1. Scan the range 9-41 residue by residue and report those that are under 23 Å from residue 117 (Cα atoms) and surrounded by 11 or more Cβ atoms within 10 Å (Cβ to Cβ).
2. Given (1) surrounded by 14 or more Cβ atoms within 10 Å (Cβ to Cβ); (2) modelled with pLDDT of 90 or more; (3) closer than 30 Å to residue 112 by Cβ, identify the lone condition not met by residue 4.
3. Within the range 1-29, work out how many residues are outside any helix (DSSP H, G or I) and hydrophobic (A, V, I, L, M, F, W, C).
4. What are the pairs, 6+ residues apart or on separate chains, where a residue within the range 8-29 that is farther than 13 Å from residue 40 by Cβ has its Cβ under 7 Å from a residue that is small (Gly, Ala, Ser) and outside any helix (DSSP H, G or I)?
5. One residue is enough: does the range 33-52 have a residue meeting the conditions in contact with a Phe, Trp or Tyr (Cβ under 7 Å, 6 or more places away or on another chain), modelled with pLDDT of 90 or more and among the hydrophobic types (A, V, I, L, M, F, W, C)?
6. Give the residues of the range 91-115 that are touching a helix residue (DSSP H, G or I) at 6+ places or on another chain (Cβ under 9 Å) and not in a helix (DSSP H, G or I), sorted by residue number.
Amino acid sequence: MRDAPTLEAGEAQAASLIGSFGETYPAAVKSFADDLEASLAHLKLPVRHRINIRTTNLLERSFVEERRRTKVIPPLMDEKSAMKLVFATLIRVSERWSRVSISELERKRLELLRRELGIDPPPDQQRRKSRAQGQEGVA
């Protein structure tokens, strides 16, 4: 299911698994079904982005790297030095993401997903809001 080509295919595979093992392993299947939406959420994103999103390996590697550095570097003297270490990790992660290219089709899919999730308002609401702000500046 994790590697399904589409969200619909992932949902179909999940339904098959639930049907096959629901009676034999009811508690496990209930737990699986409870978290199914979150488990398949990465399938809503463009295919090229899924590998960076579907696992926490990037985050886990960052934690391992910071633990390694704190063993080599003398104990952190204060909060400021700890924050520097955390921000260095965030900068490295950001640089990795900046190398991920986005096609125009993927950009449109992401815009639709942001609207679906309520992160961005629909385009007509954005236009009304910008017109209203423009009129306030004139008054």
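1. 9, 10, 11, 12, 14, 32, 33, 36, 39, 40, 41 - these are the residues of the range 9-41 that are under 23 Å from residue 117 (Cα atoms) and surrounded by 11 or more Cβ atoms within 10 Å (Cβ to Cβ).
2. Against the list (1) surrounded by 14 or more Cβ atoms within 10 Å (Cβ to Cβ); (2) modelled with pLDDT of 90 or more; (3) closer than 30 Å to residue 112 by Cβ, residue 4 comes up short only on (2).
3. So the answer is 2.
4. Listed by first residue and then by second, the contacts come to 29/22.
5. no
6. Across the range 91-115, the qualifying residues are 100, 101, 102, 103.
The values are calculated or read from the model by the stated rules, or taken from the named source; none is laboratory data. Predicted model, so just to flag it, every value in this text is computed and none were measured. Here Cβ is always computed from backbone atoms with ideal geometry, including for glycine, and neighbour counts include all displayed protein chains.
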